[in-house]
Amino acid sequence: MEPGALLGLALPLGVGIAAVGSGYGLGQAVGKAMEAMGRQPEAADKIQTAMIIGCALIEALTIYALVALFVLMGKI
Amino acid sequence: MSATEAAVQHGEAVVEHGAAAAQTLHHAAEAAGHGGGHATGGIHAPELQNLLDYVRAAFTDKGMYDDCIGHGFWGLSYFDVANIFFAMLIAVTLGVIAWRLSRNLKKVPTGFQALAEVFVGGMQTYFCGIMGNKLGKIFTPFVGTIFIYILCMNYIGLIPFAKSPIALNINVPASMAICVFFLVQYHGIRQNGIKKYAQHFVGETAGIPVLDQFLILLNIFLHIFGELVKPASLTLRLFGNISGEDAVVAALVGLVVALPWYAPVPIQTFFFPLALLFGLIQAIVFSTLSAVYLLLMSAHEEH
């Protein structure tokens, strides 16, 4: 197989695998945050802020894969 | 390799690439936009035309879809200049609005001043909730400005003939992250003094001879690395999100171009609500993380 075709196969696959991982992480984080908010509605603001920061950190992992895709896209 | 050589090599790669991919869907996307950003810090992705592309096509012999030239101007290529142009456009607009608003402030606010006060007050409440009242009042002007600036830059990409300065070129988000990095370090030194600031990098010692030296070295390395990773992750998160969003819009426009004439469905419109949400969330995340980094740097005496 030629390198371009290999890259064309591997790049979207890589982003997809990264998305599976951070999707699982986001599900855990948001699910627990929702539980906590349901239990203590008066602390909802603080929980939400912490949740958004955590979500951003988790999501960044997929974004790194996406950046790698962008960088290598010209070589396909 | 110098920037000039890199740009030339990029150009050749693109010519070959264009010939090879002529019959694919990618071609449809490139017909709607162009593969942009072959520049310092630029990347290759589908992209819609902006105002500057039309201006360039009208006043130079370069076509609408031509790739970068002009690496003579401070080492910047055309695509860098396009992004910086829109960034400066937003900065100047926001600056003029803020200047006009702050000229004759009234005790009892009316109209636009009342709206702005609600907005600024809301941001101050939000950042005070994260950083505490004292720090929040000091840093709301900086972090809040970053929030408004990023929000405008994210949203301008959805306006026809405009381009998001963050999309497909890493220079503008990197510049903001570098500003945050230096402010955090300056704040750390000013708040704690140079000695405690250095202590933060060294960590605490246990009193065991050889292990201590080893741990100090490890600590210094880890802390410096940790500080340097912060701006990198800020940059890449914002850059990747907004680039991805704009590339998706451009790719969907490419699909629309490929549609038959009797079914003109503007597919990209369905993505716009999501794009609005992403733009807001990324602006919140960037400014919130900046606030958190400032807080982490200053909270050394408390724990």
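The table below lists the values:
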read-out: Whichever residue in segment B:225-251 is surrounded by fewer than 21 Cβ atoms within 10 Å (Cβ to Cβ) and of a type in the set (D, E, K, R) and, among such residues, is farthest from the other protein chains (Cβ to nearest Cβ); value: B:E227
read-out: Selection count, segment B:259-269, where residues are surrounded by 13 or more Cβ atoms within 10 Å (Cβ to Cβ) and under 18 Å from B:Q49 (Cα atoms); value: 2
read-out: Any hit, segment A:9-16, residues being within 11 Å of another protein chain (Cβ to nearest Cβ), in a helix (DSSP H, G or I), modelled with pLDDT of 90 or more and buried (at least 16 other Cβ atoms within 10 Å of the Cβ); value: yes
read-out: Any hit, segment B:176-187, residues being β-branched (V, I, T), in a helix (DSSP H, G or I), without any contact (Cβ under 8 Å) to a residue 40 or more places away in the chain and over 23 Å from B:L52 (Cα atoms); value: no
read-out: Residue check, B:L280 within 14 Å of chain A (Cβ to nearest Cβ) and either under 14 Å from the mean Cα position of the chain (by Cα) or more than 24 Å from B:V172 (Cα to Cα) (or both); value: yes
read-out: Residue list for segment B:145-163, restricted to those being more than 15 Å from the chain's Cα centre (by Cα) and crowded, with 17+ Cβ neighbours inside 10 Å; value: B:L158, B:A162
read-out: Meets criteria (acidic (D, E) and under 24 Å from B:D246 (Cα atoms)) for A:E59; value: yes
read-out: Within segment A:21-76, considering residues that are of a type in the set (D, E, K, R) and more than 8 Å from chain B (Cβ to nearest Cβ), the one nearest to B:M123 (Cα to Cα); value: A:E42
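The values are calculated or read from the model by the stated rules, or taken from the named source; none is laboratory data. Just so we're clear, the structure is a prediction, and the values are computed from it rather than from any experiment. Neighbour counts are summed over all protein chains in view; Cβ atoms, including those assigned to glycine, are modelled from backbone coordinates with ideal geometry.
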